[in-house]
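This report refers to the structure that appears directly beneath it.
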Amino acid sequence: MRNSRALAATGAAVAVLGLAAPTAAAWDTPSNIVALPSVIARGGQMTVTVDGCPHGGTMTSRAFPTTHLTPVKGANETSKGVATINGNARPGSYDITVNCSGRTLTRPAAFTVIGGVRGGIGGSNSSGATPTDIAIGGGLVAAAVAGGGVFWMRRRAERRV
């Protein structure tokens with residue numbers, strides 16, 4: 001009877017330790033990569049937060065250079081970094097690869113780069129008027145001159161009567 005109780009207690013202890021071991025090993029493994037904003041223009045800054053990265057690390061992508069992750073004070077096991085998107089990044093989805101404590105995690109399609117917008121007058125990407133714009137503008141001016149001439153001629157004719 002005593003042997004069966006000791007055997008049961010030992011089995012329970014091994015089961016508890018066996019279940020806790022994978023959880024303890026997972027604490028230093030990067031997880032849950034969050035990029036904000038998830039849609040960004042070229043040249044913009046993006047904040048990346050990584051759980052399971054208590055000592056900081058690095059993050060890389062084809063859209064920005066290697067950037068350092070620093071631990072967040074008050075948040076256990078979390079690090080964050082700010083990356084600046086390259087000005088020549090092509091529009092599309094990009095992955096982020098994080099390296100923390102020698103362990104690597106990649107989040108596919110973590111963010112999307114959109115084409116940049118040139119600011120200023122109208123934000124247009126074309127410079128100057130196209131031949132179509134000139135033809136339409138010229139046609140409108142000609143119609144306005146012709147309409148004004150007809151109106152003027154009719155008003156002049158009414159005064160003579």
Candidate set: segment 57-69, residues that are part of a strand (DSSP E or B) and open to solvent by less than 80 Å² (accessible area, probe 1.4 Å); chosen: the one nearest to Ser93 (Cα to Cα) = Thr60
task = Confirm whether Val82 is in a strand (DSSP E or B) and buried (at least 18 other Cβ atoms within 10 Å of the Cβ).
result = no
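Per-residue answers, yes or no, for (1) assigned to a helix (DSSP H, G or I); (2) modelled with pLDDT of 95 or more; (3) under 15 Å from Thr97 (Cβ atoms):
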residue	(1), (2), (3)
Leu17	yes, no, no
Ala20	yes, no, no
Thr23	yes, no, no
Thr29	no, no, yes
Ile33	no, no, yes
Gly43	no, no, no
Met46	no, yes, yes
His55	no, no, no
Gly74	no, no, no
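The values are calculated or read from the model by the stated rules, or taken from the named source; none is laboratory data. This structure is a prediction, so every number in the text was calculated from the model and none was measured. Every residue, glycine among them, receives a Cβ derived from its backbone with ideal geometry; neighbour counts consider all protein chains shown. These accessible areas exclude ligands, DNA and RNA; they are computed on the full protein's heavy atoms, side chains included. Shrake-Rupley method; radii C 1.70, N 1.55, O 1.52, S 1.80 Å.
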